[in-house]
Amino acid sequence: MAEKPRLKLPSEAKKGDVIQIKTLIPHIMESGQRKDKEGKVIPRKIINTFVCEFNGKPVFTANLEPAIAANPYIQFSAKVDESGTFKFSWKDDDGTVTTAESKITVA
Amino acid sequence: MTLGRILTAGVAAAVVVVAGFALQANDPAVAKDKKAKAAKVVVPLDTKGDASVRPWKRYDRWPTRDMAKYNTLAHLASPPAPKEPRKLPEGLTGDPAKGAKLVADRSRGGSCLACHVMGPAGGANLPGNVAPDLSEIGKAGRDDDYLFNYINDARVYNAETVMPPWGSHGLFNDQEIMDMVAFLKTLTKPAVFKTELDDPNKRPAPVEKRDNLDPLENPGMWAVEKAQAMWKQAGANGKSCNTCHSNPTAQFKTWAASMPKWEPRLNKVLGVEEFITRHARATMGTEWLMETDDNRAMSVYLHFLANGTPMQVDTTSPGAKAAIARGEKLSHRKIGQLNMACSDCHGIVANHWIRGQWLGEPKGQLDHFPTWRTSLQTVWDIRQRFQWCSVNIRGDELPPDAKEYGDLELYLASLNQGQKLSVPGIRH
């Protein structure tokens with residue numbers, strides 16, 4: 001449903017580093033508060049959950065509410081102690097899940 | 001300048017070989033020397049159809065006013081300016097309380113606060129400074145006749161005025177103007193602002209610092225990927241852009257910086273967006289009408305490929321010269337119910353605040369188009385920007401491929417020579 005998410009995080013780091021992770025997903029984030037020209041409410045349709053896992057363990061999760069604007073940008077930091085894969089997922093109100101991943105080598 | 005193929009099949013246009021140098025596709029001197037006179041290449045263009053939807057329909061969310069009674073860039077319709085001030089209407093007394101509401105009423109094409117600081121009017125909420133501060137006009141010794149006529153039609157006192165003719169153009173009736181005059185006469189103290197930002201004379205000019213080429217910062221950059229995919233899509237006749245242009249990164253390094261350009265086959269100036277429509281139609285049978293998402297994405301991409309290149313449009317050929325002269329004239333034409341010209345906001349009163357928006361000079365107004373607009377979550381090209389300027393001052397817009405817009409765009413480009421492209425832009 002959503003377009004391709006965008007990620008910005010390092011592909012290499014030293015053990016114990018705290019890295020910045022930036023994510024952006026194109027999504028209309030229709031709040032459910034707007035009305036169309038005829039006065040009918042445009043139904044809500046948002047990304048309601050964002051999850052980041054590293055090597056299968058949860059790192060960061062967020063519940064998004066309708067106040068979040070279109071194309072939600074979520075930035076957070078994570079401490080890396082080993083090499084592995086970050087997996088990101090965004091869940092839409094309609095149940096569809098968009099995923100992305102990024103590998104990191106930790107020396 | 002590497003297009004060496006002249007497509008003879010499926011091209012509706014009459015292909016005219018422009019007099020000039022014979023094209024030597026393998027001649028390195030011609031191919032490499034960009035500064036030398038361009039080898040005259042025949043680029044296929046559809047010359048029969050329109051480049052945008054017909055009939056042109058205004059955007060859904062834009063005001064639905066029909067302003068056919070007032071000038072547009074394509075036709076003259078506005079009533080002539082009065083030559084004499086009017087006598088104050090008999091038997092009307094102004095109510096300052098009503099006047100206070102009227103001067104702050106944004107639904108009437110202003111409000112007055114768009115241009116004037118006006119004491120407590122409108123809560124002194126982000127007024128503009130295009131025009132004099134009227135906070136103490138009640139002490140200025142102006143009589144009612146003068147104030148009435150200034151609001152009704154300032155042209156009787158100043159032929160060069162930027163102020164809309166609020167009465168002559170039917171925005172306010174006589175009673176309402178009297179009410180506003182009555183309010184103005186109560187203004188005797190400087191405005192008190194809630195914050196320093198509300199004071200237009202202390203408000204700092206906006207500076208765009210965002211990284212417009214970072215896809216995480218500027219959703220406009222996603223158009224680049226979309227266009228790269230479009231590049232390989234086969235059109236109705238099986239060809240894609242890639243068929244002839246297999247290395248866009250190298251081949252279009254400077255092209256967009258030479259646009260817009262006078263096109264003799266169409267007798268008008270073509271901008272990138274219209275070029276895309278007509279070229280895609282002629283070469284691939286693909287319809288990428290102006291102001292569709294596809295067209296805008298392709299325009300973003302073609303400009304993006306030339307980022308960093310200083311704009312250098314042809315201003316010396318006879319066609320270009322004439323177009324620029326017409327464009328300059330058009331920039332001085334008063335249009336719309338608010339009776340404003342491009343050169344009013346972006347010339348006479350440039351570098352001032354109109355309400356909370358900064359009016360920029362022409363220089364620097366083109367190098368970032370097409371631009372992402374954060375307030376609208378969409379990309380605008382320059383023709384849409386022209387259209388909105390017209391509608392915003394209560395005039396009718398033209399279709400995006402109107403020849404008048406082409407003249408205006410080339411004139412604007414001539415004022416931006418040397419500006420380096422940085423597309424997509426990012427703006428409010």
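Below, the figures for the structure above:
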{"read-out": "Residues of the range B:339-355 that turn out to be closer than 23 Å to B:K420 by Cβ and in a loop (DSSP other than H, G, I, E, B), as a count", "value": "2"}
{"read-out": "Condition met for A:P26 (without any contact (Cβ under 8 Å) to a residue 60 or more places away in the chain and touching an Asp or Glu at 6+ places or on another chain (Cβ under 7 Å))", "value": "yes"}
{"read-out": "So B:F183, is it assigned by TED's automatic domain parsing to the domain that holds B:P120 and outside any loop (DSSP other than H, G, I, E, B)", "value": "yes"}
{"read-out": "Filter pass, B:L113 being of a type in the set (A, V, I, L, M), crowded, with 16+ Cβ neighbours inside 10 Å, closer than 11 Å to B:F183 by Cβ and in contact with a Lys or Arg (Cβ under 9 Å, 6 or more places away or on another chain)", "value": "no"}
{"read-out": "Residue in the range B:254-262 that is surrounded by fewer than 18 Cβ atoms within 10 Å (Cβ to Cβ), touching a residue at least 12 places away in the same chain (Cβ under 8 Å) and not in a helix (DSSP H, G or I) present", "value": "yes"}
{"read-out": "Selection within the range B:236-253 - under 12 Å from B:Y301 (Cβ atoms) and in a helix (DSSP H, G or I)", "value": "B:C241, B:P248, B:T249"}
{"read-out": "Number of positions in the range B:145-173 that are crowded, with 21+ Cβ neighbours inside 10 Å, of a type in the set (A, V, I, L, M, F, W, C) and more than 21 Å from B:I354 (Cβ to Cβ)", "value": "2"}
{"read-out": "Any hit, the range B:381-393, residues being among the polar types (S, T, N, Q), in contact with a strand residue (DSSP E or B) (Cβ under 8 Å, 6 or more places away or on another chain) and under 28 Å from B:G308 (Cβ atoms)", "value": "no"}
{"read-out": "Matching residues, the range B:132-171, being on the phi > 0 side of the Ramachandran plot and of a type in the set (K, R)", "value": "none"}
{"read-out": "In the range B:339-384, residue nearest to B:L270 (Cα to Cα) [restricted to those that are of a type in the set (S, T, Y) and more than 14 Å from the chain's Cα centre (by Cα)]", "value": "B:T378"}
{"read-out": "Test: residue in the range A:50-65 that is within 24 Å of B:T374 (Cβ to Cβ), surrounded by 11 or more Cβ atoms within 10 Å (Cβ to Cβ) and either among the β-branched types (V, I, T) or out of contact with any Phe, Trp or Tyr (no Cβ under 7 Å at 6 or more places or on another chain) (or both)", "value": "no"}
{"read-out": "Hits in the range A:10-38 - residues which are over 18 Å from A:T99 (Cβ atoms), within 14 Å of another protein chain (Cβ to nearest Cβ) and not small (G, A, S)", "value": "A:Q20, A:I28, A:M29, A:E30, A:R34, A:K35, A:D36, A:K37, A:E38"}
{"read-out": "A:I68 being closer than 24 Å to B:D214 by Cβ and either free of Cβ contacts under 8 Å to residues at least 12 places away in the same chain or surrounded by 15 or more Cβ atoms within 10 Å (Cβ to Cβ) (or both)", "value": "yes"}
{"read-out": "Number of positions in the range B:219-239 that are among the basic types (K, R), under 32 Å from the mean Cα position of the chain (by Cα) and more than 11 Å from chain A (Cβ to nearest Cβ)", "value": "1"}
{"read-out": "Those residues of the range A:59-95 which are among the β-branched types (V, I, T) and within 14 Å of another protein chain (Cβ to nearest Cβ), in sequence order", "value": "A:I68, A:I74"}
{"read-out": "Residue pairs meeting the criteria (Cβ under 9 Å; at least 6 apart or on separate chains; first outside the structural domain of B:K261 (by TED's automatic domain parsing) and over 15 Å from B:I382 (Cβ atoms), in the range B:294-318; second modelled with pLDDT under 95 and buried (at least 16 other Cβ atoms within 10 Å of the Cβ))", "value": "none"}
{"read-out": "B:E136 vs. criteria at pLDDT 95 or above, of a type in the set (D, E) and buried (at least 18 other Cβ atoms within 10 Å of the Cβ)", "value": "no"}
{"read-out": "Test result for B:K209, in a loop (DSSP other than H, G, I, E, B), free of Cβ contacts under 8 Å to residues at least 40 places away in the same chain, farther than 26 Å from B:K139 by Cα and away from chain A (no Cβ under 14 Å)", "value": "yes"}
{"read-out": "Search result, residues across the range B:224-266 that are among the charged types (D, E, K, R) and in contact with a Cys (Cβ under 8 Å, 6 or more places away or on another chain)", "value": "B:K232"}
{"read-out": "Matching residues in the range A:41-58 - criterion: being out of contact with any His (no Cβ under 8 Å at 6 or more places or on another chain) and either among the hydrophobic types (A, V, I, L, M, F, W, C) or within 14 Å of chain B (Cβ to nearest Cβ) (or both)", "value": "A:V41, A:I42, A:F50, A:V51, A:C52, A:F54"}
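A quick yes/no check of all residues on (1) under 29 Å from A:I28 (Cα atoms); (2) surrounded by 15 or more Cβ atoms within 10 Å (Cβ to Cβ):
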site: B:M180; (1), (2): no, yes
site: B:P190; (1), (2): no, no
site: B:K202; (1), (2): no, no
site: B:P206; (1), (2): yes, no
site: B:N218; (1), (2): yes, yes
site: B:N237; (1), (2): no, no
site: B:T249; (1), (2): no, no
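The values are calculated or read from the model by the stated rules, or taken from the named source; none is laboratory data. In this text, all values refer to a predicted model and were calculated from it rather than measured experimentally. Neighbour counts run over all protein chains shown; Cβ positions are idealised from the backbone, glycine included.
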